[in-house]
Structures are given as C-alpha cells and as structure tokens.
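Report on the following structure.
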Amino acid sequence: MIRILNGEVYDPINGIAGEVRNLYICDGRISSQDAGGRTIDAAGMVVMPGGVDMHCHIAGPKVNTARKLRPEDHRAHEIAKTPLSRSGTFGSVPTTFATGYRYAMMGYTTAFDAAIPPLAARHAHEELNDTPVIDKGFFLLMGNNEFIMERIAAGEKEEVRHFAAWLLQAAKGYAIKLVNPGGVELWKSRSNAHTLDDEVTGFQITPRQIIQSLAEVSEELSLPHPVHIHCNNLGIAGNWETTLETMKALEGRRGHLTHIQFHSYGGNPGESFSSKAAEMAEYVNAHPNLSVDVGQVMFGDTTSLTGDGPLGYMLHQVTGCKWVNVDIENEAGCGITPIEYKEKNSIHATQWAIGLEWFLLVQDPWRVVLTTDHPNGASFTLYPRIIRLLMDREYRKEMMRNVNQKALAQTTLPDLEREYTLNEIAIITRAGPARLLGLQDKGHLGVGACGDVTIYEKNADWEKMFAAPRYVIKDGQVLIEDGHLRGETYGRTFYVSPAYDPAIEGKIRKFFDDYYTVRYENYPVQLEHYLPRPEAIPCRV
Amino acid sequence: MQIEAAICAFCGCLCDDIVLTIESDRIVQAKNACALGKAWYTAHSRPPDLPAARVDGKSVEVEEAIEAAAILLTKARYPILYGLSSTSCEAQRHAVALAEALGGCIDCCTSVCHGPSGMAVQGFGEPTCTLGEVKNRADLVIYWGSNPAESHPRHMSRYAVTSKGRLTPNGRKNRTVVLVDVRSTPSSRFADLLLTVRPGIDFEILWALRALVLGRKVEPAGLAETGITLAQLTHLAELMKNCRYGVLFAGQGLTQSAGNQMNLSAAILLVRDLNQFTKFAIIPMRGHGNVTGVDQVLTWQTGYPFGVNFSRGYPRFNPGEFTMVDVLRRKEADAVLSVASDPAASLPAEAVQRLTEVPLIAIDTHESETTRLARVSFMASTVGIRASGTAYRMDNVPLFLKQALTSIYPSDEEILGRLLERVRELKA
C-alpha cells in the first residue's frame, strides 16, 4: 500500500490536468481508499501514469541479430550487475535486462514490440521473459503471409479472419501488423511493391487488398488495437502519396499508421527530398479513424532493423554498412544495417524536422504517439529529449540552428510556435497509446487502474525532468527511487485470444505440410511454458 | 504409446516429424529419424545406470554435489563455464546468470565450430533465410566444406535438395546442387557439380569467385594452387548469378581450416555481391542440436554470442581471450564447469591438460571423458527425451522439445538453477 500525497497529477483519461491530489494504491491497483502504507510526499512534483511505448523493437529474432551484429555498439556501454539487477550492454540495441531497467528508469512501465514473425513468436516470448519490470506484448506480422494472400486471392474473407485469429492465438500475439504489405513477399524474388496496386507475383493480389482485408479482419475480430500499418515505400522520396493512398484505402475503418515520419516524403528518388507532413497531418486531422505514431529521428549512430527486407537492402546500398537480410518462410522478412543520422545531411535534417512537424501539426494529441520506432529513428532513451523539443520552443529553435539550414527551410518547422503542455505530454506518452492499444487499466490513474505511477521532480529542463523520475511505481511497488532500482520484478505479457471456426485448422495443417518446415503441431506457442504471467486482453464486444 | 511430431535434438536440423513408439518407458522406435537420430533416441532412453551425482567418484545426493560444486566455483578466481550446445535455452539462461554471479567466463561450443562464422557476421552481416525458403524457393544449393550425408543426414531431404515446395514442385529436378570440398565424401553423389579443392585455399577461391561474379578479370595463373580451373570457377559464378534463389551452406570445412573467419567473411561478401543480381542466402551448418540457441541466449543477455567474460561485473567479448581453449591453454582458468559437452574428449591436448589440473565440474546426460575426469559430476535428463525445453534450429527457428519419457535425473535447467541459487547465497 502506498499513499502519494499532494502531487500535481496529470491523468488525461480522467480529465485531471495538474490538480493537486492524493493517490492511493492498494493491492497493486489505484484505490479510492487511503489504506495507509508508505507515504510519498509528492508536493511540488508531477505525477503521471507509467509511460506506454506502443511501438518499439526490443525482442525477437531481428533485434537479437542486430545485437549480435554490433559488438562495437556495446563496448563502453556496459551495465554492471548489482545485487538486484542483472548486467548487460547498451548501445542502440540493448540486451533484454538492460532494456527493462532502462524503460523503468525513464518512468515507462509498458512496451510493445512491433514486428514479430509468427514462426519466431517463441523466441520473442523467451526474450520478453528476460526483460524485467515492464509489462509487454507484441504485434504479429501478417502483411506478407502466404496463407492469407492465397485466401484473399480466393475471395475467402471469412477464412482470412479465422486464420488471423488462429495465428494470434498460436503465437500469443496482440495485434495485426502489416509491414510493406506484399512487398516483403516480392523481395523474396528480388522485387518490391511500389504502389498499392502492384501485383504480388504468384498470388494475383495487391497490397491494397491485403490492407483492406486485414483492416476489416481487425475490426471484425474486435481486437483491442486496430490494424497497425507500416506502409509500402518506407524511406523513399515521394512516398507520401502511397501513405495517403493507404489511409484512403481504409475507407473509414480504424487504422494505426506507424512511424509516419518515414512515410511523409515528397520529391523524387535520387533527385529531391522534401516534407509532406503538413498536407498529411491535415488529412489525419480530418479523419478520426486514423492514428499515428511518429518514429522521430534523432541525430547519432543507431541500427536500422526492420521487417521490411527490401528497405534494409536499400539502406545498406546507401550506407555501405554491414547488412543482414532474413527471408522467413511463408510469412515475413527482415533487414538490418547500422545507420548514422547526421545533422548536416539534408535528408536526415528533413527527417528530423518532419517528425517534429507531425507532433506539432496533429491537433488531437490522442491520435499522435511519441515513438522513435526504437532503435530505427533513435533509441527510446532519447524520449526525454524529444519531450523537451516539444515543450520548449526556445530549445527547439536552438537545435534547429545546428541542422542543415537549406533542408530545414523547406519544412514548416521554423514557423511552428506550438509548445506542448504537460497534459499533452501525458497524452502522447501514456494515456493516448494506452487507449489506442485498448488497455483499460493502463495509462490512467482512475480507481482500479494498474498501480503504475511515475513521479517527477520539476525541472526547468524538461529533458532532465523526464529522463530521471524521482519515483517509479510498478503495480504498487516502488521500483525506482532517485535513479536506483529498489526491487526485482517481471511484468505481464498481454495477448489476445479471438475466437475462430476450428474448421480452418484442416486447411492450415495442409498448408503446413506443403510449405513449412515445421509441423503444424509444433508451431503454436505453449502458453504455460512461455508466458509465466499471461494476461489475455478481451476483444471488444 | 506413440508420440507424433516429436523433435530430434541431436543435430542442428531439429527434425520435428519423428514418430516415437514408447514401451515400458523406453523408446523402441523412432520413425522418420536418421541413423544418428535413431542412435540418439536409443542411447538416451536407456534406464539410468549411473548415480545422479558423484563427488570424487563417490555417489552422493544431488544436494551434496550442488554444495560441493558451488563451493569449488565460488572459491575460484577465474572460473569458466563451457559447452551448452546440447541443452535447452532454459538451462542456458541459468548458465549465463551463473557465469555472471561468479564473475567468470562463459563460452560455448560455438567457439570451436562456427565462432568464425559469428565473427564474420559481426564484420559484414549475413544475407540468410529460414530452411523453409530453401525448400520453397532455392534452385541452386551449394554445400561448401560440409558433408551433410554424414553430419546432417536429413538436411537434403527435408530442406535443401529433394524437398518440394512452392516454386520447387518437382524437388530435386528443380535444383542444381554443388558440392565444394577437399575430397570425395558420401555427399558427393548427390551433387550435379563437384569441385574438389586443395585444403586451406578456400579464401582464395571465394575471392576469385567474387571477382568473376562482379565481372572482373581473373588470371588463370592465380588459381594454380587451388585445384580447380578458371573454366570451372567461371561456370560456378554463372550458375550463381543466374539462379532464382541460391543458398550457400557453409560447413566447418570453411570455419575450421586456414583462414577461419576470413573464409566466412569472403563467403558472406560473395553472397552479398550476388544479391545485386539475384536472391542469395548463406546458412552455417550448425552441428549440435541447440548450439544455435546458446548463441541466441548469450546474445540477448550479454550482446555477444560466445566468449564472454564477467570479471568486471558486466559482459565483455573477445574471442581468443575469453574462449575456452585459450583460457585453458594459458592456464588462466582455475575451475571449469562443463555442461552438455565433452571438452576432455574434444579439445586440444594442452587445453585438456588444464582440465586435469583444476577443479572440474561436469553436467551431462551420459558418462564421458569429461564426467570421468570431473571432481563433481551430475547426470542430467536429456532435453527432448526425459526433459522439456526450447531449442533453436540451425536457421534460428525456435522449437519446443517435449519430454517423452519419465524424468529420472534432474534436468540441466534444474541443476543449474539450484547451483545458481546456492552460488548467489555463498556470494552474498
């Protein structure tokens, strides 16, 4: 039991914006009753729910391959063991223990990995089990699944739905994720999808059909989180048209467009590169079915790791750096390469500015989420600096002076005077993502919510304030105090369990016999073995 | 009783279509398994014939052996944990925690098999794929320095040569198979093209192939020492460039011969170059059943796949410094814990000499040179037969190995878990 007294509380879901209030936590949950216990005097401090990262890459095969790929990135970024914590290494792709502790140190208590191939779901769960403190889950790659593409081609919509539900259950995943729909399949024959209407060779369908079917399936299954889309043509000049087409293709259905910064480019490949954030934000503002997370780029060395194989190859060709590609049978792919974002590079400066434009131009903070697509745009550890860029106009202007001026001048960023309020920061870092994920007891401090609370000491430097909360409470336990870990705990794994017609199983089994190298029986993840603290989130009825 | 879709954990193929027939707690038949798999199932389903734990050759309670092992390990100043390639990821996770708690080294069989592949990946990356893509797409398969007919007997039928898939409906007929080796082997007869090369000259050949693939001129005289002609090599380069989906399976003939990681680096760069023209992948022929898993576990816990040291309380990586053979040969290690491996039988003599000089603790599923030499030894249940757990196939696909027979000995996971707990108590 904990009492947090006299804090300045930001709880946007419950309409509380900076009121001085008392909070009580009892049996790990927010309670209306003062049941005593440890008292934290939060007078003069800012109190928020624990942060929620809705799109990062922290577990599974491509994350681990990226770790393996970059020993140079770990050197000098080591974390020693303590009596309460395991050791590890950091850099752009930190080890599992380091990841969990670091999220907690930053006041984040929930994170979702955004792209797991179902065949490797077991691997992702194993890593998440070694990721301490935070609650977690992952989105399941379905946009290049050959069974789904075959069923779409056959016009068997119902079977797509039953299969998607079966797959979510088999992998213990949380949401349907599309990555370069159709394009990753095409990359297996060294091609790619460039428009929504390109044919996916061998399947006689198009990316548009994949997007529409799976958006529909997501809605029909009433999944807590809508279809999560990494559009075609990521990173390519002129891709904004593809992104807008994707938004339109949803035809009013709910959809989350992820790392939107990487999909907001005007110009022509090899010739010009510009920002289309303003035009696109206008479209998002006018369409309440859409939400985005930004995928902010920050300057420095990082690792690009993506389920988008052809993108990985393109980046490797641009940078000349070492390169990993993995084609994953019947369902997915992966590309990895180190990348350094440079302030004076006109493309990188434009990308940086586009991310900030998105934050500042989307009017409804509930539909824009703070992410860096960790580690693709930057490490999640830079979230506090991004918060400062959003809250402190003078700081933003100062930072703008360091970047390529010609590139900057072609964006609307120099004209944007908006400063985020603390309440808006609370929305884009916890309340908003929790709501978009459909997590009822996360992202707020109402009675019954998880006892995940972050308490910040005020500081004129917002980056310092958000980088080092004074207290972080997880499920009612004070886990971080003055930057020190005070306890050892492992969080829950969220998954969904939508119903399907078992008649589909025969067809899936046949598909496995024909095309997989793993038997149908050996594919599903054993719940009792791989999810020590499982929590099925109900599908909305 | 029959168990369908059992997984054989002997080699890196992790064939998951084995049908086990069980009578009186013994596996009497392992249908679909290869000769190695059948032998593995037979040998590991024998009833226990050794005490679960021994200290100085005497049978003791497991608890007593845990205590003895924990004391030997905590007293040591530079202990090393080694092996782990034939156990579960769950056991491997405990092993890394134990090495960390001890502030010692941890190394796996990778350092004496495909460690050079790992180092090449760190240098240049790795265009690769899962074995299902080989089955569905590959029309050119190259085994280099590998003899799958003897080392991975079902590799060719299940995955790479005769298997039928989406773009390979006629299996063998849809593929060209190339074998590059220093001599004829039982695998040779499966090849359409056989290139017999001189030992120790793989780097030069791979480098010349790169040049040919990229359209550069290669002087025939430069190939004089390789055992093959420019015409042969040009033909291979053309096959590689013109295939639809090529796969190079890299064996230990590349990693453990002159050149080591340089050979693999050249192979990776060749495959990378080929991706300018077509799709091409490289897959190391990982040997032991879960040697791929230990790389995975070590990497997600420390950032490095083998040869890790915790002396400073955090992980450091340096092959040659923190790897088993080197730590033993330099007489640095003052205690050794071997898990699911037989270093006394497999390492160079100088390294084995050190094993005889220091406290040695062994955990294995059967008696071996190492368990015989060990001061403390534990018998463990075999994962996939008498214990369950996770293993990663050579292409990093994770599978769950189910227990088929009753458990008689504790599992590696359980022994290491208890050892870890006791070491932490002693260190506290």
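Longest stretch of chain A clear of exposed loop sites (GluC sites (Glu not before Pro), DSSP loop, at most 10 other Cβ atoms within 10 Å, sites excluded): A:1-270. When the label point is put 7 Å from the Cα of A:LEU84 along its Cα-to-beta-carbon vector, which residues of the stretch A:110-149 have a backbone N closer than 13 Å? Flagged as within label range: A:133. With each label modelled as a point 7 angstrom along the Cα→C-beta vector, the A:THR39-B:ARG172 pair spans 8.3 nm. Take the Cβ atoms of A:LYS248 and A:SER272, set R0 to 22 Å, and the FRET efficiency comes out at 0.35.
The lysines whose alpha-carbon is closer than 22 Å to the alpha-carbon of A:LYS276, local same-chain residues fewer than 8 away aside, are A:LYS248, A:LYS342, A:LYS344, A:LYS397, A:LYS406.
Relative to the longest principal axis of the Cα atoms of chain B, helix B:230-242 runs at roughly 80 degrees. Calculated FRET efficiency, B:LEU50 to A:THR489, Cβ-Cβ distance, R0 = 60 Å: about 0.90 to the nearest 0.05. Mean residue ellipticity at 222 nm, helices only, the protein assembly as shown: -9500 deg cm²/dmol; runs of at least 4 DSSP H residues each add -39,500 (n - 2.57), and the sum is divided by the number of residues. Taking 7 Å steps out from each Cα toward its Cβ at B:LEU193 and B:LYS31 produces label points 4.0 nm apart. When both bridge partners sit in the stretch A:51-441, DSSP labels roughly 45% of those beta bridges antiparallel. Comparing Cα centroids, the stretch B:3-65 and the stretch B:67-118 end up 23 angstrom apart. Applying a DSSP loop filter and a limit of 15 other Cβ atoms within 10 Å to the trypsin sites (Lys or Arg not before Pro) in the stretch B:1-106 leaves B:ARG77. Residue by residue along A:81-89, Cβ atoms of other protein chains within 10 Å of the local Cβ number 5 on average.
Mean-square fluctuations from a GNM of chain B, with a 10 angstrom spring cutoff on Cα atoms, peak among B:ASN32, B:ASN147, B:ASN309 at B:ASN32. For the residues of B:385-397, the average number of beta carbons from a partner chain within 10 Å of their own beta carbon is 3.
Kindly give the semi-axes, whole Å and largest first, of the ellipsoid equivalent to chain A, taking each as the square root of 5 times a Cα gyration tensor eigenvalue. Walk me through the numbers on the way to the answer.
Details: eigenvalues 234, 160, 96 Å².
Equivalent ellipsoid of chain A: 34, 28, 22 Å, largest first.
Working from label points 7 Å from Cα in the Cα-to-Cβ sense, the A:LEU5 to A:GLU156 distance is 6.5 nm.
Other protein chain C-beta atoms within 10 Å of residue C-beta, averaged over B:273-281: 3.
Seen against the Cα atoms of chain B and their longest principal axis, helix B:291-302 is set at about 70 degrees.
From most to least packed by mean Cβ count within 10 Å, the peptides B:118-130, A:283-295 give B:118-130, A:283-295.
Calculated FRET efficiency, B:GLU4 to A:ALA76, Cβ-Cβ distance, R0 = 56 Å: about 0.65 to the nearest 0.05. Would you list, by chain and number, the aspartates and glutamates whose Cα falls below 18 Å from the Cα of B:LYS331, excluding same-chain residues fewer than 8 positions away? Correct list for B:LYS331: B:ASP107, B:GLU321, B:GLU350, B:GLU357. Looking at the protein assembly as shown, the DSSP beta bridges with both ends there are about 45 percent antiparallel. Which one of B:ASN136, B:ALA6, B:HIS44 is farthest out on the positive end of the charge dipole of chain B, using unit charges on Cβ (Lys, Arg +1; Asp, Glu -1) and the Cα centre as origin? Most positive-ward Cα: B:ASN136.
The GNM of chain B, with springs linking C-alpha atoms under 10 angstrom apart, assigns the highest mean-square fluctuation among B:ARG372, B:ARG46, B:ARG386 to B:ARG46.
Seen against the Cα atoms of chain B and their longest principal axis, helix B:412-427 is set at about 60 degrees. Magnitude of the charge dipole for the stretch B:115-284, about its Cα centre and with charges confined to Cβ atoms of Lys, Arg (+1) and Asp, Glu (-1), is about 740 debye. Annotation: average projected area of the protein assembly as shown is 37.9 square nanometres, based on the convex hull of Cα atoms across all directions.
How many percent of DSSP beta bridges within chain B run antiparallel, rounded to 5?
Percent antiparallel among DSSP bridges in chain B is about 35.
Between the stretch B:209-244 and the stretch A:480-514, how far is it from one alpha carbon centroid to the other, in angstrom? That distance is 49 Å.
Compared with the direct C-alpha span, the chain from A:ASN14 to A:GLU241 gains 78.0 nm at full extension, assuming 0.36 nm per residue.
Could you estimate the translational diffusion coefficient of chain B from the Stokes-Einstein equation, with Rh from the Kirkwood formula over C-alpha pairs, at 20 °C and 1.002 mPa s, in whole µm²/s?
Numbers: Rh = 22.5 Å.
It diffuses with D of about 95 µm²/s by this estimate.
Reported to the nearest whole Å, the Cα centre-to-centre distance from the stretch B:310-351 to the stretch B:157-175 is 42.
Where does each of A:THR319, B:THR371 land when they are ranked from fewest to most other beta-carbon atoms within 10 angstrom?
Lowest count first: A:THR319, B:THR371.
Each principal axis of the stretch A:448-516 carries a Cα extent, and these read 61, 27, 21 Å when sorted largest first.
Throughout, read-outs are computed from the coordinates displayed, never taken from laboratory work. Since the structure is predicted, the reported quantities are computational estimates derived from the model, not experimental observations. Cβ atoms come from the backbone with ideal geometry, glycine included; neighbour counts cover every protein chain shown.
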